[in-house]
Structures are given as C-alpha cells and as structure tokens.
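The values are calculated or read from the model by the stated rules, or taken from the named source; none is laboratory data. Note that the structure is a prediction, hence the values are computed from the model and not measured. Cβ placement follows ideal geometry from the backbone for every residue including glycine, while neighbour counts extend to all protein chains displayed.
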Amino acid sequence: MAAAIAAILAVALVVAGTPAGERPARPEAAPAPGQRLDMRPVLAPGQMAPDFGLARLTLETDKSGNVTGKIATEKVKLSSLRGQKPVCLFFSSYT
Amino acid sequence: MAPAIETLYAAYKDKVQFFLVYVREAHPVDARPGVDGRPGNPARGDPNIRQPRTMDERSRAATECLKGLKLTLPCLIDNIEGTTEKAYGAWPAVTTVVDIDGKVCFYSRGPGGAKPKEAETALKQLLANDGKFAGAAPAPSAEKPSPRSDAPLPSAEPKAAPAEKAPR
C-alpha cells in the first residue's frame, strides 16, 4: 500500500515538473503557456543608456529595381553620438 | 506601429537621431515554445519570417521588415546573442529616448509599447532644453521601475571615479 502511494506521488511529481526533453526557458524568453511575460522595465529615466556598437543596415536598389540590404562594416556606437543630438531608439522585429 | 514611428522620424529627423534596432523575431513561423512568442500564421496575414539564426539571416529578415513596413529610418541590427536587446529589456518591444549626454529620458516596454506619442512628448521636452534631460515628469503613479536583481548597484563600483574638478 505504501509503495503504491509512493509510486502515485512519484508520477504526480514528474507530471508537475518540466516535461522531459524540454529545455528550461531562458529568463528573457517568452513565457510558457499560462505564464505571464515579464514586462518590468530594466531602465529608468535619469540612468545612463547602455552603450552599444551595432551594424547599420542600408537598403540598396539595383538597376532592375530589386532592393537588397547591405550591412556596413563600420558600427554605430551610441556613446559616440553624445553631444550631438538626442537619440530615439525603437527596438523591434518584423513579427 | 510602423507608420507612427515613420511619421515621428519624418517630423524630427533633423533634430533627433533615430534608429530602429532590429532584434530577434517575436512571432516567427518556426517559433519554439518557451523561447519565442506564439508562432506567426502567414495564412492570417502575419509575415512569413523564420527566426534568424545567423547575422546573414538576420540582415535578410531586417531587410524584409524595412520593406514590408515601408520604414526609412536608419536601421541597426542587434547581434545573434541579443546583447543590446537584453541590456534594454527590448523583447518584445521597447522605445528609449536618450538625451544628448547619453541619459535615458523616456522608456516604454511591452507589446505595442512603441508609444510614439509619449516619445514625441519626451523629444519636445528635450529639444526645449538644449537636448538635456531635465528630470522625469511627475509620474501618475508612485510605482517605481524595479531594477533587475543582477544589475550592479551604484555603490558596488570597484574603482573610484577619477577626481572631478571642483566647480568654480
């Protein structure tokens, strides 16, 4: 009887835990179904904006009108823009 | 979202440096559970975009993004590790206005979090103050953003800052 209860408990624990073979979600990843996305801000007004050096993408149109993207070798560094103009960043993806 | 940020860009591009920072896709058609958002469904009109795994793929996806949304503002591409995305908490979306000295003056996070109207208000305040952040506007709620627990505390600075010249 005790062994049967232990077996049931063990099965329940496995079911409640992460399904085998599934990687645990990274903190910045989307939530698993039923969980809420962490939307807490990581920056606040008055803080220094984290610096970055990122490649610029430009679109070029060839003679036949085809548009292709080209990545510039030179990177844009946020800190190198200081003293010039305010900067407005929109982080986004297509989807 | 897209037309609104493009309108803002057109109105202020002479006075403000704009960038679209292209980060990992929120709803690619090949979305992985627990990593990406729900998969996009091209049959319902979602863009048919797979999650880029290399910088080449990412630049192609960003090109599709600029073309598809008819965006002309300058575009930067985050690396595959998402270094900048993580530093800004920029997933799935974030808008940040930075003053002329590099300080954050406006930050908005969340799906549909581009908040172009609020960003414009922040830009107007900046431009009226020589591009410098003049302090946060009184917030409607007393709730403060919670700093990440892994963020270094200001007091944990290991090195002493170089001695500043005394103000005259």
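Here are a few things to note about the model shown:
- As a summary of the residue check, B:Gly110 satisfies the conditions (1) at the interface with another protein chain (Cβ under 7 Å from one of its Cβ atoms); (2) under 20 Å from A:Thr58 (Cα atoms) except for the one numbered (2).
- Checking each residue in the range B:104-123 for being part of a loop (DSSP other than H, G, I, E, B) and of a type in the set (Gly, Ala, Ser) picks out B:Gly110, B:Gly112, B:Gly113, B:Ala114.
Listed here are the residues, each with its yes/no results for (1) touching a residue at least 40 places away in the same chain (Cβ under 8 Å); (2) of a type in the set (S, T, N, Q).
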position: B:Phe18; (1), (2): yes, no
position: B:Tyr22; (1), (2): yes, no
position: B:His27; (1), (2): no, no
position: B:Asp30; (1), (2): no, no
position: B:Pro33; (1), (2): no, no
position: B:Arg38; (1), (2): no, no
position: B:Gly45; (1), (2): no, no
position: B:Arg53; (1), (2): no, no
position: B:Ser59; (1), (2): no, yes
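- Residues in the range A:62-83 that are in a loop (DSSP other than H, G, I, E, B) and facing chain B (nearest Cβ under 7 Å): A:Arg82, A:Gly83.
- The range B:1-103 holds helices (runs of 4 or more DSSP H) entirely within its bounds, and those carrying 1 or more residues that are more than 7 Å from every other protein chain (Cβ to nearest Cβ), buried (at least 18 other Cβ atoms within 10 Å of the Cβ) and modelled with pLDDT of 95 or more map to B:2-12.
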